[in-house]
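Written below as structure tokens is the structure these notes are about.
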Amino acid sequence: MNRMRRYKDRILGLFSNDIGIDLGTANTLVYVKGRGIVINEPSLVAMNQKTGQIVAVGAQAKEMVGRTPQHIVAVQPVVEGVISDFEVTSEMLAYLINKAQAGHTKLLGPRVCVGVPSGITSVEVRAVRDAARAAGAREVLILEEPMAAAIGIELPVHEPHGSMVVDIGGGTTDIGVISLGGLVNARNARIAGDRFNADIVSHIRNEFKLLIGEKTAEELKIALASVASRSDRVESYARGRDLVSGLPREISLSDQDVRNALGHSIEELVEAVKEVLETTPPELVSDIMQRGMHLVGGGALIRGLPEFLTDSLGVPVNVDPDPLTAVVRGTSVVLDDIDRYREAILTSDDELVPTE
Ligand code: ADP
Ligand code: MG
């Protein structure tokens, strides 16, 4: 019976595009079967507030930020791990599904697998499903992001063995423990890339009396962020407005400055991971101690973070070599063998693992 279904799936697959989507708080990635990752853009929608119309999506919308008339605003579809605006999310999904298929139209609508933040409500799950259907999807499969990431980095999710994923994204860090194809424990903490940027802005304001923009803070983070002190002292420049004179000024900053800025949030992040370990059944903790936890998401690229987590928690930490694509790769693996991953896929009636 299973084989029949798989055979039928394969035949239907010839007439449709299968699409995997990682709807992240910072970045949206889209995979199309047979073509790989075809879209990798900021999760942003520019809207005209007067007419309610979408003006631009993704990279184009980001270009507009801060450079448009006041009635054009940038909206993030997913903020702090929750879908902030159903309409914007639907529009974004429709845009992505259409763009992914442009020039590759097939007879049947695509099967679409979407990664969503862990702990979204069943109402939200249904909304995502409806939005993808409205955009022409023939079947919609929904995965919680820690699960998608775990599948993407090829953890043995089906085994009766605890696997732990820490996904440090833009708006949230999603922490999940997986065993036997399901999420056993999960938490969604608001300590991630955006918070780090805000930390850098406020540190520079306090210490140097200089106001810098969010984009500058992000550049400083990527250039300098390092949890442990480095043997080579690295520096970078930041331009902003002097808070006293009101005039533009440039300063030079070192990795130590950024480390001071992030210190508090990094400690909080460690606490959040610790709390998940503390509430995970001991057998699974023992598995995690043995094989280590796995870092994914853009924040996994902060230098020295894996070593710091290992030292603080006494658990080995692995970093995926391509942490920003783990979730979308997971959706592609699921699309390749849907039956194998039925357990992992959410339905609207699922009892979701509660988060804080
Ligand atoms: P999301 O899944 O929430 O969209 P991502 O996993 O795409 O988030 O990660 C985006 C976050 O990672 C952003 O806050 C970005 O600044 C941060 N980031 C990307 N590269 C680096 C880096 N090299 N060092 C530190 N942070 C990084
Ligand atoms: Mg993500």
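The values are calculated or read from the model by the stated rules, or taken from the named source; none is laboratory data. Everything numeric in this text was worked out from a predicted model, so none of it was measured. Cβ coordinates were reconstructed from backbone atoms using ideal geometry, including for glycine residues, and neighbour counts include every protein chain displayed. Heads up: the accessible areas ignore ligands, DNA and RNA and are worked out on the full protein's heavy atoms, side chains in. Shrake-Rupley method; radii C 1.70, N 1.55, O 1.52, S 1.80 Å.
Numbers for the structure displayed
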item	result
Unmet requirement for P248, which otherwise passes all of (1) farther than 24 Å from H294 by Cβ; (2) open to solvent by less than 70 Å² (accessible area, probe 1.4 Å)	(2)
Cβ pairs under 8 Å, 6+ apart, first in the stretch 51-69 and at positive phi, second of a type in the set (F, W, Y) and crowded, with 17+ Cβ neighbours inside 10 Å	G58/Y95
Residue satisfying all of: in the stretch 22-48; within 9 Å of ligand 1 (Cβ to nearest atom) and not polar (S, T, N, Q); nearest to M64 (Cα to Cα) among these	P42
Qualifying position, being closer than 30 Å to I39 by Cα and either within 16 Å of ligand 1 (Cβ to nearest atom) or over 19 Å from the mean Cα position of the chain (by Cα) (or both), among T310, T280, T331	T331
Criterion (open to solvent by less than 40 Å² (accessible area, probe 1.4 Å), within 25 Å of the chain's Cα centre (by Cα), under 30 Å from I120 (Cβ atoms) and more than 16 Å from ligand 2 (Cβ to nearest atom)) met by exactly one of V270, V184	V270
Residue within the stretch 78-91 that is under 25 Å from T325 (Cβ atoms) and modelled with pLDDT of 90 or more present	no
Residue under evaluation A131, criteria (1) part of a helix (DSSP H, G or I); (2) within 16 Å of ligand 1 (Cβ to nearest atom); (3) out of contact with any strand residue (DSSP E or B) (no Cβ under 6 Å at 6 or more places or on another chain); (4) under 20 Å from G58 (Cα atoms), criterion not met	(2)
Sole residue being crowded, with 21+ Cβ neighbours inside 10 Å, within 30 Å of P77 (Cβ to Cβ) and within 13 Å of ligand 1 (Cβ to nearest atom), chosen from A189, A198, A238, A223	A189
Residue match in the stretch 255-264 (condition: open to solvent by 30 Å² or more (accessible area, probe 1.4 Å), without any contact (Cβ under 8 Å) to a residue 60 or more places away in the chain, among the charged types (D, E, K, R) and assigned to a helix (DSSP H, G or I))	yes
Residue, nearest to the chain's Cα centre (by Cα), within the stretch 46-74, restricted to residues that are open to solvent by less than 30 Å² (accessible area, probe 1.4 Å) and closer than 21 Å to T325 by Cα	G58
Set E250, E271, E275: member being at pLDDT 95 or above and assigned to a strand (DSSP E or B)	E250
V333 assigned to a loop (DSSP other than H, G, I, E, B), under 24 Å from L180 (Cβ atoms) and of a type outside the set (D, E)	no
Number of the exception - R233 against (1) modelled with pLDDT under 95; (2) of a type outside the set (A, V, I, L, M); (3) more than 11 Å from ligand 1 (Cβ to nearest atom); (4) closer than 27 Å to V166 by Cβ	(4)
Candidate set: the stretch 139-164, residues that are over 13 Å from G330 (Cα atoms) and of a type outside the set (S, T, N, Q); chosen: the one most open to solvent (accessible area, probe 1.4 Å)	P160
Output for the stretch 88-124, where each listed residue is of a type in the set (S, T, Y) and more than 17 Å from S16 (Cα to Cα)	T89, S90, Y95, S118, T121, S122
Strands (runs of 3 or more DSSP E) wholly inside the stretch 28-121 that include at least 1 residues being under 15 Å from V328 (Cβ atoms)	36-42, 111-116
Residue selected from the stretch 168-217 under the condition outside any helix (DSSP H, G or I) and of a type in the set (K, R), by the criterion farthest from V276 (Cα to Cα)	K209
Where a residue in the stretch 105-122 is under 19 Å from I37 (Cα atoms) and open to solvent by 30 Å² or more (accessible area, probe 1.4 Å) and its partner, wherever it lies, is at pLDDT below 80 and outside any loop (DSSP other than H, G, I, E, B), with Cβ under 7 Å and at least six apart	none
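Residues checked against (1) β-branched (V, I, T); (2) touching a helix residue (DSSP H, G or I) at 6+ places or on another chain (Cβ under 9 Å); (3) away from ligand 2 (no atom under 14 Å from the Cβ); (4) within 15 Å of G115 (Cβ to Cβ):
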site: A300; (1), (2), (3), (4): no, yes, no, no
site: P306; (1), (2), (3), (4): no, yes, yes, no
site: L309; (1), (2), (3), (4): no, yes, yes, no
site: A326; (1), (2), (3), (4): no, yes, no, yes
site: G330; (1), (2), (3), (4): no, yes, no, yes
site: I345; (1), (2), (3), (4): yes, yes, yes, yes
